[in-house]
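Input: a single structure, listed below in structure tokens.
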Amino acid sequence: MKIIYYCRHCQNRIGEVDGSHANEARLGFDSLTPAEAADIITYNSIENSTYVKTVCEYCQEALEAHPELNLLSNPLQ
């Protein structure tokens, strides 16, 4: 199974991990609450992939430079 990380704001693909060598504890998924996991992790059984929302460096820098963007529902499009 592939684990694919992508930015929740700009939708750019950040990276990919071979899930056959990783488990939830190694990836830190076990520390998420059920609500956080539901928001962050999406499983696609057809592609045999897991998608994980995160924030890319570009969007992180933009949010740090302009914290008022965090008040918008979709700050970086």
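Using the Cβ-Cβ distance between Glu61 and Ser20 with R0 set to 35 Å, the FRET efficiency works out to roughly 0.60. For Phe29, neighbours were defined as the other residues whose beta-carbon sits under 13 Å from its Cβ, and their charges (Lys and Arg +1, Asp and Glu -1) total -2. Normalised by 2.2 N^0.38 Å, where N counts its residues, the alpha-carbon radius of gyration of the chain equals 1.20. Considering only Val17, Thr33, Cys7, and ranking their Cα positions along the charge dipole of the chain that arises from unit charges at the beta-carbon of Lys, Arg, Asp and Glu, the one farthest toward the positive end is Val17. For GluC sites (Glu not before Pro), the sites in segment 26-77 that DSSP calls loop and that have at most 15 other Cβ atoms within 10 Å are Glu47. Helix-only arithmetic for the chain: the sum of -39500 (n - 2.57) across DSSP H runs with n ≥ 4, divided by the residue total, places the mean residue ellipticity at 222 nm at -6500 deg cm²/dmol.
The candidates Arg13, Arg26, Arg8, arranged from most to least accessible area with a 1.4 Å probe in the full protein assembly, appear as Arg26, Arg13, Arg8. Fully extending the segment from Asn12 to Leu32 would add 4.9 nm, taking 0.36 nm per residue of separation and subtracting the current Cα-Cα distance.
The values are calculated or read from the model by the stated rules, or taken from the named source; none is laboratory data. In this text, all values refer to a predicted model and were calculated from it rather than measured experimentally. Neighbour counts are summed over all protein chains in view; Cβ atoms, including those assigned to glycine, are modelled from backbone coordinates with ideal geometry. Accessible surface is based on the protein model in full, side chains and every heavy atom, while ligands, DNA and RNA are left aside. Shrake-Rupley method; radii C 1.70, N 1.55, O 1.52, S 1.80 Å.
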